[in-house]
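See below for the structure under consideration.
Readers should treat all values here as calculations from the given coordinates under stated rules, not as data from a laboratory. Since we're looking at a predicted model, the values are computed, not measured. We place every Cβ from the backbone using ideal geometry, glycine too, and count neighbours over all the protein chains shown.
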Amino acid sequence: MTLAHPFNPDKLKFVIYSAKNHQLPNLNFAQSNGEDPLRVQEFYEKFRAGKQLDNELVYVLRYEEEWIGFFSVIFTILSKGDVRTPERRVIDANGTLRGLLIHKIGIDQKYRCFGIGKYILLFCIGLGKSQGNDTQVKIIIFETTRSLAEKIYHPKYKFRYVVKDKKKLVWVYKKIC
Amino acid sequence: MSNKLPFLQDIISDNDEYLLILGCTFDKTDDLDKKFILESVDFYEKHKHDSGSSI
């Protein structure tokens, strides 16, 4: 898609979704090859239809006058399993750390290639950092394809990742403290 | 909030109370990370008031 003016991230709006207040359009979250390995479309159709989501906050994204995507976040508590952590400070004394899970990220096909994923990450990390000392988020985690992790999240933003069973999908994470 | 989220279980298993991250490692925060995190905080501060807007 070509925009009339260069993409301006200041024009992005991050709006907390409310089924009562927002009527969202049909958007296409499939990859360019038509696949949707992260089942983003299914999730979008579910909350758009008004189905309740447990413990999850959905932000919908607007650019100028158009809805262009969404993401959902969950605050959770993680604990150390067989974790080899060179830096123990991220783990609390009781072996737990607070994390922000970005459950789903969806950007409409027309708005790919503007780097919007980066701005979602910036917003989420800022959201995590804005929590008080007692509830400070120390890790951001989300699921994505191995290809994106290898091409973007790891080399550009130094996220680490763990390959899932199916090998095509990974969990990407970053310490933010 | 519940920590028993089924979509997490392939990386994380639960022990009734908490979730486990398996195989994660953490690097020390360097200047690039710090810059990215500062950029995040600035970006969030600029956009946090969008949240409640009644569009």
Amide hydrogen neighbours beyond the local backbone of A:C177, cut-off 5 Å, H modeled
none
Give the residues of the range A:16-57 whose amide nitrogen is closer than 15 Å to a point set 7 Å from the Cα of A:S130 in the direction of its Cβ.
A:16-17, A:57
Within 10 Å of each Cβ in A:128-135, how many Cβ atoms from other chains are there, averaged over the peptide?
2
In deg cm²/dmol and to the nearest 500, what is the mean residue ellipticity at 222 nm of chain A if only DSSP H runs of at least 4 residues count, each as -39500 (n - 2.57), divided by the residue total?
-4500 deg cm²/dmol
Rg and Dmax of chain A, Cα atoms only, in Å:
16.8, 53
Please express the shape of the range A:117-177 as an equivalent ellipsoid: the semi-axes are the square roots of 5 times the eigenvalues of the C-alpha gyration tensor, given largest first in whole angstrom.
23, 12, 9
Distance violations [Cα-Cα > 20 Å] among A:K129/A:K174; A:K13/B:K48; A:K51/A:K104; A:K138/A:K158; A:K158/B:K46:
A:K158/B:K46
Report the relative contact order of chain A, percent, no decimals, based on alpha-carbon pairs under 8 angstrom and at least 6 residues apart.
19
Of the GluC sites (Glu not before Pro) in the range A:7-65, which ones lie in a loop per DSSP and count no more than 11 other C-beta atoms within 10 Å?
A:E35, A:E65
For peptide B:29-41, how many partner chain Cβ atoms fall within 10 Å of a residue's Cβ, on average?
5
